[in-house]
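Below: the structure, in C-alpha cells.
All of the numbers you see were taken from the coordinates with simple rules; none came from a lab. Only a predicted model underlies this, so the values are computations on that prediction, with no experimental measurement involved. Glycine also receives a Cβ, built like all others from the backbone with ideal geometry; neighbour counts cover every protein chain displayed.
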8 protein chains.
Amino acid sequence: MYRLFILAKCDLGYAEEVGEKVSELEDVSEVYSVTGEYDLLIKVNFDDLQSISDFVQDRLHRVPHLKETQTMMSFRVYGEDIGDFVN
Amino acid sequence: MYRLFILAKCDLGYAEEVGEKVSELEDVSEVYSVTGEYDLLIKVNFDDLQSISDFVQDRLHRVPHLKETQTMMSFRVYGEDIGDFVN
Amino acid sequence: MYRLFILAKCDLGYAEEVGEKVSELEDVSEVYSVTGEYDLLIKVNFDDLQSISDFVQDRLHRVPHLKETQTMMSFRVYGEDIGDFVN
Amino acid sequence: MYRLFILAKCDLGYAEEVGEKVSELEDVSEVYSVTGEYDLLIKVNFDDLQSISDFVQDRLHRVPHLKETQTMMSFRVYGEDIGDFVN
Amino acid sequence: MYRLFILAKCDLGYAEEVGEKVSELEDVSEVYSVTGEYDLLIKVNFDDLQSISDFVQDRLHRVPHLKETQTMMSFRVYGEDIGDFVN
Amino acid sequence: MYRLFILAKCDLGYAEEVGEKVSELEDVSEVYSVTGEYDLLIKVNFDDLQSISDFVQDRLHRVPHLKETQTMMSFRVYGEDIGDFVN
Amino acid sequence: MYRLFILAKCDLGYAEEVGEKVSELEDVSEVYSVTGEYDLLIKVNFDDLQSISDFVQDRLHRVPHLKETQTMMSFRVYGEDIGDFVN
Amino acid sequence: MYRLFILAKCDLGYAEEVGEKVSELEDVSEVYSVTGEYDLLIKVNFDDLQSISDFVQDRLHRVPHLKETQTMMSFRVYGEDIGDFVN
C-alpha cells in the first residue's frame with residue numbers, strides 16, 4: 001500500500017468546509033486541522049501508484065476553496081505496522 | 001485527545017535509525033518516511049496538553065541524529081472519527 | 001492561559017486596515033506591523049483550547065483583505081511571567 | 001520605542017535552557033515556546049535603533065545552543081497601545 | 001549552452017493542461033509532474049543568455065493557469081556530459 | 001541613512017511593467033530582475049525611519065500587478081561605504 | 001520508469017566535489033549546479049519503486065559533504081517523451 | 001555586466017566578521033546586514049559569466065563562518081542605469 005500525505009491551504013474561512021469535503025473523497029483515510037502555515041493534513045492510501053496523480057489532479061484539486069497543496073509520498077512505515085488500523 | 005504531527009529532518013544517512021527509535025517512544029502512534037524537505041512524518045497522541053512540550057523537549061529531541069523538527073498541533077478531525085484505530 | 005501567535009499576510013495596500021480591524025477582535029491582545037515575508041504579528045489569549053480554532057476560522061479568517069496566516073501555539077513562557085501585563 | 005521580534009531555533013534538547021537564558025538578557029521583554037518550525041518567539045524593546053544590531057550580534061547570538069534566528073522589526077502597533085504593559 | 005530549471009505551481013486542477021502547453025514552447029526540453037510544493041519541473045536550454053528573461057517573461061508567464069514560478073540557472077554539468085541527449 | 005531591501009513577486013507576465021513603475025517611485029534607488037522565487041530586488045533609501053512603513057503601505061503596495069513582498073531592513077554597511085554612489 | 005529529482009545543499013566549498021561524486025552513483029542520470037537556495041539538482045531513474053528509498057538512504061546520503069536534500073517524485077512526463085535520452 | 005545577489009547566513013556571532021571579510025573579496029561591490037532569515041545581502045558584479053560559479057565555490061564559500069547562501073542572478077536593471085555608480 002502506498003500513502004500520500006498532503007498539507008493543504010484553503011481560501012480563508014473555508015478550512016472547515018474543505019476539510020469535510022475532502023474527508024468524503026474515496027481513498028482519503030484521515031483529515032486533520034493543523035496549526036502552522038497549512039490548514040489541513042490529509043492522508044490518502046493507494047494500492048496502485050498510477051492512481052496517485054489522478055487523485056490529486058482529478059479529485060482533490062477540484063474541491064472548491066482548496067487553495068494550495070504540498071504533497072509527500074511515503075514508502076516506509078517505521079515501528080510495528082498494525083495494518084489497516086493505522087493505514 | 002490531542003494530536004501533534006511532527007515533520008523531522010535527520011542527520012544524513014540516519015533516517016531509518018531515527019525512524020525506528022522514534023516509533024518506540026511512548027505516545028508515538030505512527031512514523032512514516034516521506035519525500036520532500038523532511039525525512040519523517042510522526043504522529044503523537046496526548047490526553048493532556050501539558051505533556052506535549054515535555055514530549056518534544058525531553059523525549060523526542062533527545063533521539064540521536066534527529067536534526068530539526070517542525071511541529072503542528074491538531075484540534076479537529078474531519079469526517080468520521082473511527083477512534084483509536086485512526087489515532 | 002493559552003497563547004496563539006499569528007503571522008499574517010494582507011492583500012497589498014490593506015495591512016493598515018486589516019491591522020486595525022484585527023486589533024478590535026475579542027481575545028486579540030496585540031497587533032504589530034512587521035518586516036519580512038508577513039505584514040502583521042498578532043497575539044491572542046485564550047482560557048480555553050476549544051475556542052482557538054473557532055477564533056481562527058470564524059473570526060480572524062473573516063476579516064476582509066486578510067490573505068494568508070501562519071499560526072503558532074505557545075505552551076510556555078520563559079523568565080518571570082508578570083501575568084496579564086505580558087499576556 | 002522600537003520592537004524587534006525574533007523567531008529562534010535551538011540545538012535539539014536545549015530550547016528550555018536557551019529560553020531561560022534569553023529571558024534574562026537586558027531589553028528582552030517576553031520569550032515564548034512556539035509550535036512550528038521555530039522553538040522560541042522573543043520580543044525585544046529598544047529606545048534606540050543603533051543598539052538593535054548590537055543586541056543581535058553581541059548578546060543574543062552568543063547564547064549557547066541558539067542555532068538560527070529570523071528577525072522582524074516592528075514600526076507600528078495597531079489598536080490601543082497600552083504602553084509598557086503590552087511591551 | 002545555458003540551462004534554466006523552473007519549478008511551477010499551477011491553478012488547482014490545471015497542472016496537466018499547463019504541463020502540456022509548456023512542453024510545446026520552443027526551447028523547453030523536458031516537463032515533469034513532481035510531488036511537493038510545486039506541480040511541475042521544467043527544463044529549458046538556451047544558447048544565448050539574453051533570451052532567458054525574455055523566455056520567462058514573454059512566453060512562459062503567459063501560459064494560462066500558471067500561478068507561480070521559481071527559477072534556477074545552471075552553469076555546470078557534473079559527470080560525463082553526453083551532449084544534446086541529456087541537454 | 002536607512003536602507004530597505006524588498007524582494008517582490010509580480011502577477012505573471014507583469015514583472016517588467018512593475019519593475020519600471022517601481023523604479024520611478026521616489027526614494028527607490030535600484031530595481032533588478034532576479035532568478036529564484038521572487039521577480040524583483042528593490043533597494044530604497046530613507047533618511048527617516050517613520051517614512052519606511054508609509055513607503056511600503058502607501059506607495060509600493062499600490063503599484064498595480066505587484067503580488068507579494070518580503071522586506072529586509074539594513075542597519076549596517078560592511079567594507080568601505082562609498083556614499084551616495086553605492087546607496 | 002520512475003524519476004526522482006533531488007535538490008541538494010552541500011557543505012560550503014564542497015559542491016563541486018559532491019557533484020562529481022553523485023554523478024558517479026548508479027541510477028543517477030544528470031547532476032547540475034544551480035543558483036538559489038540549493039547547490040545541485042540531481043535526476044535519478046528507477047525501474048522499481050522499492051529501490052528509491054534505498055538509494056536515498058544507503059547511497060546518496062552517504063556521499064561526504066552532502067548537507068541536506070529535498071526529494072521530488074515524478075509520475076508523469078509532459079510532451080513527447082524521447083526515451084532514454086531525456087531520462 | 002552581470003550581477004549576482006547573495007543572501008547569506010553566518011555562524012551565530014560571526015555576521016560582522018564575515019561581512020567585513022566578504023566586503024574585501026574581489027568583484028564584491030556591496031555588503032549589507034539585513035533583518036529576516038539571512039544575515040547579509042551581498043552584491044557581486046561580473047563581466048564574464050564563467051567566473052560566477054568560480055566566485056561562489058572558490059572564494060565566497062571559503063570565507064570562515066559563512067554557513068549558508070542563497071544566490072540570485074540578475075539579468076536586467078529597471079529605471080535609469082547610472083552605470084558603475086549603482087553597481
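Side notes on the structure shown:
- Pairs from the table (C:9/E:67; E:43/F:9; A:67/H:67; F:43/H:9) lying more than 27 angstrom apart at Cα are A:67/H:67.
- Cα principal axis extents for the protein assembly as shown, largest first, Å: 66, 66, 43
- Charging the Cβ of each Asp and Glu at -1 and of each Lys and Arg at +1, and nothing else, the dipole of chain F about its Cα centre rounds to 280 debye.
- Relative to the Cα centre, the charge distribution of the protein assembly as shown, modelled as +1 at Lys and Arg Cβ and -1 at Asp and Glu Cβ, gives a dipole magnitude of about 0 debye.
- The stretch F:1-67: relative contact order in percent, alpha carbon pairs under 8 Å with at least 6 residues between: 44
- Reported to the nearest whole Å, the Cα centre-to-centre distance from the stretch C:7-66 to the stretch E:22-81 is 37.
- FRET E, pair residue D:11, residue C:65, Förster distance 56 Å, beta-carbon r, rounded to 0.05: 0.90
- For the stretch C:1-39, GluC sites (Glu not before Pro) are listed when DSSP marks them as loop and at most 13 other Cβ atoms sit within 10 Å of their Cβ; the list is C:24, C:26.
- Compactness of the stretch A:2-76, expressed as Rg and Dmax over alpha-carbon positions, Å: 11.5, 35
- Computed over chain C, the per-residue total of -39500 (n - 2.57) for DSSP H runs of n ≥ 4 gives a 222 nm mean residue ellipticity of -4000 deg cm²/dmol, rounded to 500.
- Among C:76, B:3, sorting on how many other beta-carbon atoms sit within 10 Å of each Cβ, with the fewest leading, yields C:76, B:3.
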